[in-house]
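Colleague: Can you keep this structure in mind? I'll have questions shortly.
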Amino acid sequence: MKAFRLRVLIDYKEDVFRDVLLREDQTFFELHLTIQEAFEFDGQQIASFYLSNDDWDRGEEIAQMDLDEDFGPSKLKTMEDTKLGDLIQEKGQKLLYVYDFMLMWCFYVELLDISEATDEEYPLLATEYGKSPDQYSKESPVLSDEEAARLLTGSDDDDDEDLDSEIGGIFDEYAND
């Protein structure tokens, strides 16, 4: 059985991240709960994971719940039904995790390492860097129509290159932690 070491970096004014270890047979819901606990959030808000690429573009969604089930056939993968090993398979793979769609907490998740799982109980918090922000310290963003459309469609803009560079630098800077 394989274990994944994932670095979870919160989009915040200071460098704050956690490295967590989960087994490949654990679900995205277990990763969701692990992130909530590691950053001391209360877990009362809706969240989703998104597969991502090296530019941190939002791809396929892994939702906390599939709202389409109420209105027709299920279309989304859900956290409870999707095992990490189903979608995460190679070092360097990236995910976005969005928590609380009103406050828009964004976490950048990268697979740092794949190893053989030990007899320890997973998930594990392996590294804790920086003080976690208070979950409710962030104000709800007031977005222009253009910004809201960009967030909903996941389309790029000119600032994405700067963001990609900044995030990549943080992953590289603390690579040996």
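The values are calculated or read from the model by the stated rules, or taken from the named source; none is laboratory data. Keep in mind that what you see is a predicted model, and the values were worked out from it rather than measured. Here the Cβ positions follow ideal geometry from the backbone for every residue, glycine too, while neighbour counts run over all protein chains shown.
Colleague: Is it fair to say GLY43 is more than 11 Å from the chain's Cα centre (by Cα), under 26 Å from TYR129 (Cα atoms) and at pLDDT 95 or above?
Modeller: When the stated conditions are applied, GLY43 does not pass them.
Colleague: Can you tell me how many residues in the range 3-26 are more than 22 Å from LYS131 (Cβ to Cβ) and touching a helix residue (DSSP H, G or I) at 6+ places or on another chain (Cβ under 7 Å)?
Modeller: The number of residues fulfilling the criteria is 5.
Residue-by-condition table, conditions (1) at pLDDT 95 or above; (2) surrounded by 16 or more Cβ atoms within 10 Å (Cβ to Cβ):
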| position | (1), (2) |
| --- | --- |
| SER52 | yes, yes |
| ALA63 | no, yes |
| GLU69 | no, no |
| THR78 | no, yes |
| LYS94 | yes, yes |
| MET104 | no, no |
| VAL109 | yes, yes |
| ILE114 | yes, yes |
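Colleague: Against the definition (modelled with pLDDT under 95, under 21 Å from ALA38 (Cα atoms), surrounded by 14 or more Cβ atoms within 10 Å (Cβ to Cβ) and aromatic (Phe, Trp, Tyr)), how does PHE171 come out, yes or no?
Modeller: Against the criterion (modelled with pLDDT under 95, under 21 Å from ALA38 (Cα atoms), surrounded by 14 or more Cβ atoms within 10 Å (Cβ to Cβ) and aromatic (Phe, Trp, Tyr)), PHE171 qualifies.
Colleague: Let me ask something additional. Looking for whichever is modelled with pLDDT of 70 or more and either part of a loop (DSSP other than H, G, I, E, B) or over 17 Å from the mean Cα position of the chain (by Cα) (or both) here; the options are PRO133, PRO141. Which one fits?
Modeller: Only one candidate qualifies: PRO133.
Colleague: Within the range 105-130, which residues are within 15 Å of the chain's Cα centre (by Cα) and at positive phi?
Modeller: Residues satisfying the conditions do not exist here.
Colleague: How many residues does the range 81-104 hold that are more than 19 Å from GLY59 (Cβ to Cβ) and under 16 Å from the mean Cα position of the chain (by Cα)?
Modeller: 2
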